1. Quick one: ILE77 ticks every box in (1) buried (at least 20 other Cβ atoms within 10 Å of the Cβ); (2) aliphatic (A, V, I, L, M); (3) part of a helix (DSSP H, G or I); (4) touching a residue at least 24 places away in the same chain (Cβ under 8 Å) bar one, so which box is it?
2. If a residue counts only when it is open to solvent by 30 Å² or more (accessible area, probe 1.4 Å) and under 21 Å from LYS130 (Cβ atoms), which helices (runs of 4 or more DSSP H) contained entirely in the stretch 143-218 have at least 1 such residues?
3. Residues of the stretch 39-89 being among the hydroxyl-bearing types (Ser, Thr, Tyr) and over 25 Å from PRO283 (Cα atoms), which ones?
4. For the stretch 267-295, name all the residues that are assigned to a loop (DSSP other than H, G, I, E, B), open to solvent by 10 Å² or more (accessible area, probe 1.4 Å) and at pLDDT below 95.
5. Residue under question is VAL261, and the condition is that it be over 26 Å from LYS125 (Cα atoms), within 16 Å of the ligand (Cβ to nearest atom), open to solvent by less than 20 Å² (accessible area, probe 1.4 Å) and not in a strand (DSSP E or B); does it hold?
6. Given the residues LEU218, LEU188, which is the only one that is within 16 Å of the ligand (Cβ to nearest atom), modelled with pLDDT of 95 or more, more than 30 Å from LEU38 (Cα to Cα) and of a type outside the set (Val, Ile, Thr)?
7. If you take the residues of the stretch 236-258 that are within 11 Å of the ligand (Cβ to nearest atom) and touching a Gly at 6+ places or on another chain (Cβ under 6 Å), which of them is modelled with the lowest pLDDT?
8. Would it be correct to say that GLY256 is within 13 Å of TYR217 (Cα to Cα) and touching a residue at least 24 places away in the same chain (Cβ under 8 Å)?
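The values are calculated or read from the model by the stated rules, or taken from the named source; none is laboratory data. Keep in mind it's a predicted model, so treat the numbers as computed, not measured. Glycine also receives a Cβ, built like all others from the backbone with ideal geometry; neighbour counts cover every protein chain displayed. Surface accessibility is based on the protein's heavy atoms, side chains included, excluding ligands, DNA and RNA. Shrake-Rupley method; radii C 1.70, N 1.55, O 1.52, S 1.80 Å.
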Amino acid sequence: MFENLSEGLQSAFKSLSGKGKLTEGNMRDGLEIVQKSLLEADVSYPVVQDFMAHVSEKALGKRVLLSLRPHEELVQIVNDELINILGPVDSSLHLKSEGPTIIMLCGLQGSGKTTTCGKLSQLLKEEGIKPMLVAADLQRPAAIEQLHVIGKQLDVPVYSEPDNKNPVKVCQNGVAKAKAEGARVVILDTAGRLAIDEELMAELQKIDKKVGPDQVYLVVDGMTGQDAVNSAGAFNESLELNGVIMTKLDGDARGGALLSVKHVTGVPIKFIGTGEHFDALEPFRPEGMASRILQ
Ligand code: GDP
């Protein structure tokens, strides 16, 4: 029952219970430990408040306080609620049965979009599905070249037009080429900025409207904590997102930003990036994340 929570938190809960019975005061102390842990994991304050309101209501109910093992029930309640908020599990790319499925990746510069294009291509290739990449990041001079390098490494075609300054046209032409070549998936690597700006959003909205991607995924850097949440809010307001991919969770970050990003966008967390290599992409599992956040 405890396998999803860290030992530290478990023993803190257990020490609250003394001989096994919990008072309401004990339970409130336990809830405070949970709250502190979430804030330390970088979960944003409003999200923590919302979470605690749900958990407290359940934990302070008579049934839990009078139960034989109340601390275990508290652990279970917290765990269940975390998994509930982080879900549902949906790492499907929802490929269409006919014609290429267009996947658009968006996010701030440096969030890991271009790398994720490679990771998704690798995943598709492993399933015998033919992808094509479109270099639509015309802001960062090296981005087109970087995508070509990735394409060569993975033996995946990359469509680019180095002299075309219009990303909408590049995407449209790329999709046409993918259709002609029988690619099943087209992944659009769009431009990011160091910070959100209106020009970036307008460009993405134009691609969204004119090219009509089937899936729009926001790529967020899991190391950036609160910034990740702010940018997710801005992207979510401008685009109809279908999912989130959070990168760089191979580092020390506890991943609390995932909880906040999920709260802000309301769309499934599809994958997490766990390294720079193309195989470092994992389908998102709420259970594993719950234990990491609540250390
Ligand atoms: P873009 O500007 O959004 O296209 O970002 P890039 O794909 O160029 O990635 C920026 C940096 O983050 C590169 O050095 C990548 O190798 C690195 N990166 C991307 N994803 C991950 C990840 O999951 N883990 C780690 N450790 N590094 C990553």
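1. Against the list (1) buried (at least 20 other Cβ atoms within 10 Å of the Cβ); (2) aliphatic (A, V, I, L, M); (3) part of a helix (DSSP H, G or I); (4) touching a residue at least 24 places away in the same chain (Cβ under 8 Å), ILE77 comes up short only on (4).
2. Working: elements: 143-154, 167-181, 198-211.
Where helices (runs of 4 or more DSSP H) fall fully within the stretch 143-218 and carry at least 1 residues being open to solvent by 30 Å² or more (accessible area, probe 1.4 Å) and under 21 Å from LYS130 (Cβ atoms), they are 143-154, 167-181.
3. TYR45, SER56, SER67
4. ARG285, GLN295
5. Judged against the criteria, VAL261 is a match.
6. So the residue among LEU218, LEU188 that is within 16 Å of the ligand (Cβ to nearest atom), modelled with pLDDT of 95 or more, more than 30 Å from LEU38 (Cα to Cα) and of a type outside the set (Val, Ile, Thr) is LEU188.
7. Ranking the candidates gives ALA253 first.
8. Answer is no for this residue.
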